[in-house]
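Engineer: Structure in structure tokens, see below.
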Amino acid sequence: MSTTRTSLTRLVPRSGKVRAGVLIVVVFVLIAVIGPLTARFSPQATSFDLLRPPSAEHWMGTTQTGQDVYAQFVTGARVSLLVGLVAGVVSQVFSVIIGLLGGYLRGVADDLLYILTAVFLVIPGMPLLIVLTGYLPSRGMFAIAVVIAITSWAGSARVIRAQTMSLRGREFVEAARASGESRIRIMFAEVLPNMLPLVASGFLFSVIGGILSEAGLSFLGLGSLTTVSWGSMLYFAQSAQALLSGAWWWYVPPGLAIAVIGAGLALINFGIDEYANPRLRTGSSRHRAVRGSLAAGGDATTADAAAGGAAVSAGPTGPTGPAGPKDPAAPSAPATSTGTALADTVPEADPVIRPSDVTGDPVIEADHLSVDYPTEHGTVHAVDDVTLTLHRGEILGLAGESGSGKSTLTNAITRMLRPPARIAGGSVSYTDAAGGRTDLLSLDARGLRAIRWTEIAVVFQSAMNALNPVTTIHSQFDDVIRVHRPDLGPARRTELAREHLRRVGIDPERLGAYPHELSGGMKQRVAIAIALVLEPDVIFMDEPTTALDLLVQREVLDQIVRLREEYGFAIVFTTHDLALLLEISDSIAVMRRGHLVEYGPAAEIYRDARHPYTRSLLDSLEALGSLA
């Protein structure tokens, strides 16, 4: 019972404006649905009671021909609201399809759709509406609603296109591409849910515009004058000069109704985010739970914990952060007086490539791989002639400063480079457990979709952004499993998701949570669990412990090592932290300015770093006290 009450409480808007708007709309919907049943006269029936004011017999008076104004008003409410609803739905369908396709696909498709949108934006709306209505073979309400929608979609489509262009490069969209989801599914299942506030707002104002446009057309005599609507009531009142004759009861009700329903829909617009944004939905319920606990006599800390507040990790803390105040006597990393990057202060030297001591068979082989970025100032060689081999079950650490080419190298191997990057040379091959060899650079979109996540998975740099913020953890597991295991039923997919959450140390009951309800470490472990759900041979981890505190970082690393031992997959672990790689990696590859400068077993690099750049990195770590 309490759960039902809580669910109903969440539906009640917190804002007084929104409550007023909902009340107004509900009243008019009831009038449209129930009102015609309560009318004592037909809206078209005439009588000898001409231009009578409101009375017991005619509740809202009569027209010049004796028609009952109340019957016309409630019947017109049904027609006008229906026209607005149909126009709003059709208009938003046009806007979403054109805005999403243009913003996501880009290129020629976007250019053509943008030109089409611009044409409809520059043509005055009402004249175009009048012209198109004049050519209609029949002026039924549905036909008029469609014409209204056709002339009003462009503004919303332009906004949706701009938002789609902003979202298409986000990490959770990249994760969806990497998991093998199709373009259509990414657009409508990943991008569109993040734009629901925009779509809902556009729908509300399209409904308002539809009601006003229908009233305007009918007032001008261009609508369906045989159908009673608020617009036709105003047309006949104006034709009979009701204003001059003092018959205010004829034109005031429909005019006032149009204004009030428009205000009600506009007020609802203030509360769209409250329902479309899961952070606000769950946040409001948590706030009420905390307030209720405090009212019952609990303390604030206990109340926040009971309501699912932020996770707290145990450990020594200080006034400046988890590690306490910095020791002023602690040594700092060497730096130049001008703040020049370390790569600029180390002399050039030949690469140092050592033979690997890993016993597993090769699973990923990159041979003389090069990646270029063409620019107006020349070509940037982000990855230049890199050769490395990842063995089955191996942890290969990829180290280097920002801009050294680490992420570009892994994106090239996984075929996730973004324009204008292009692979200028070399090859990348994948060898499965049965010995079958696949050239990753020659795969088409279908081939990539088949191999991603089933054979090669990716854990992106920031799980806070790699998880879709408006869908539950369960939905994100389900997306990956359904794409690659379409034969599995919903129950089995849920069972797999719960099992893998358990394996990374997360309560399976959190499957229904949204990403913002999890701590940073839990989000990172969820991202790892999603990468593992299809048990791939290789996982690329791009700085998976970035932005995590030391204790949570240690928990995540322990989970990664334990899972590697359990599943036997190979890992390419990209990070700036060379000390971390020395601890967990079997082999280490050090990159500098797109070149592989040192490569070999982690223990040998730690004991005997031969390249000046690697020695400088180790010296910096030793000065910071990061090396044992």
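Bear in mind that the values in this text are calculations on the coordinates, not laboratory data. Note that the structure is predicted; figures quoted are calculated from it, not measured. For neighbour counting, all protein chains shown are included, and Cβ atoms are generated from backbone atoms with ideal geometry for every residue, glycine included.
Engineer: Place +1 on the Cβ of every Lys and Arg and -1 on the Cβ of every Asp and Glu in the chain, take the dipole about the Cα centre, and give the residue among 614, 165, 534 whose Cα lies farthest towards its positive end.
Structural biologist: Farthest towards the positive end: 165.
Engineer: Post the alpha-carbon centroid distance, the stretch 575-603 to the stretch 16-68, in whole angstrom.
Structural biologist: Measuring centre to centre over Cα atoms gives 79 Å.
Engineer: Continuing with the same structure: Modelling each spin label as a point 7 Å along the Cα-to-Cβ direction, I'd like the residue 353/residue 252 distance in nm, to one decimal.
Structural biologist: 9.1
Engineer: What is the helix-to-structure angle for 107-122, meaning the angle in degrees between its Cα long axis and the longest Cα principal axis of the chain, kept from 0 to 90 and rounded to the nearest 10?
Structural biologist: 30
Engineer: With θ set to phi - 60°, apply the Karplus curve 6.51 cos²θ - 1.76 cosθ + 1.60 along the stretch 508-518 and write out the HN-Hα couplings as whole Hz, x wherever there is a Gly or Pro.
Structural biologist: Taking θ as phi minus 60°, the curve returns x, 5, 7, 4, x, 7, 8, x, 5, 8, 10 Hz for the stretch 508-518.
Engineer: Suppose only helical runs count, i.e. DSSP H with n ≥ 4. What mean residue ellipticity at 222 nm does that imply for the chain under -39500 (n - 2.57) per run, divided by all residues and rounded to the nearest 500 deg cm²/dmol?
Structural biologist: Calculated from helices alone, the mean residue ellipticity at 222 nm is -16000 deg cm²/dmol.
Engineer: Based on the alpha-carbon gyration tensor of the stretch 467-535, what equivalent-ellipsoid semi-axes (square roots of 5 times the eigenvalues) come out, in whole Å, largest first?
Structural biologist: Ellipsoid half-lengths, sorted descending, are 18, 12, 10 Å.
Engineer: Here is a follow-up. Under unit Cβ charges (Lys, Arg +1; Asp, Glu -1), what dipole magnitude, rounded to 20 debye, does the stretch 387-506 have relative to its Cα centre?
Structural biologist: It comes to approximately 140 debye.
Engineer: Further, regarding this structure: Roughly speaking, what is the centre-to-centre gap between the stretch 495-530 and the stretch 533-554 when only Cα atoms are used, to the nearest Å?
Structural biologist: Between the Cα centre of the stretch 495-530 and that of the stretch 533-554, the gap is 13 Å.
Engineer: Now, a different point. Given 595, 581, 570, which one lies farthest toward the positive end of the charge dipole of the stretch 536-604, if we put +1 on the Cβ of every Lys and Arg and -1 on the Cβ of every Asp and Glu?
Structural biologist: Among 595, 581, 570, the one farthest towards the positive end of the dipole of the stretch 536-604 is 595.
Engineer: Among 468, 212, 386, whose Cα projects farthest towards the positive end of the dipole of the chain, with charges put on the beta-carbon of Lys, Arg (+1) and Asp, Glu (-1)?
Structural biologist: Sorting the options by dipole projection puts first 212.
Engineer: Another question about this same structure. Cα axis of helix 490-503 to longest principal axis of the chain: angle in degrees, 0 to 90, nearest 10?
Structural biologist: Here the helix axis deviates by roughly 40 degrees.
Engineer: Quote the charge dipole size of the stretch 436-481 about the Cα centre in Debye, to the nearest 20; the model charges only the Cβ of Lys and Arg (+1) and of Asp and Glu (-1).
Structural biologist: Computed about the Cα centre, the dipole is about 80 debye.
Engineer: Need the full-extension length gain, residue 622 to residue 444, defined as separation in residues times 0.36 nm minus the C-alpha distance. One decimal, nm.
Structural biologist: Here the answer is 59.4 nm.
Engineer: Under a point spin-label approximation (7 Å from Cα along Cα-to-Cβ), what is the residue 270-residue 182 distance to one decimal in nm?
Structural biologist: About 4.3 nm separates the two model spin labels.
Engineer: For labels at residue 33 and residue 554 in the simple 7 Å Cα→Cβ model, what's the distance in nm?
Structural biologist: Reported label-point gap for residue 33 and residue 554 is 6.0 nm.
Engineer: Of all beta bridges DSSP finds with both residues in the chain, what is the antiparallel percent, to the nearest 5?
Structural biologist: 60
Engineer: Okay, moving on. On C-alpha positions alone, give me the angle between the axis of helix 141-150 and the longest principal axis of the chain, in degrees, nearest 10.
Structural biologist: Roughly 40 degrees between the two axes.
Engineer: Over the Cα atoms of the chain, Rg to Rh with Kirkwood Rh, two decimal places?
Structural biologist: 1.11
Engineer: Right, another one. Stretch residue 561-residue 42 to full length: gain in nm at 0.36 nm per residue minus the Cα-Cα span?
Structural biologist: Roughly 179.0 nm would be gained on extension.
Engineer: Let me ask something additional. What's the magnitude of the charge dipole for the stretch 467-535 around its Cα centre, counting Lys and Arg as +1 and Asp and Glu as -1 at the beta-carbon? Answer in Debye, nearest 20.
Structural biologist: For this selection, approximately 100 debye.
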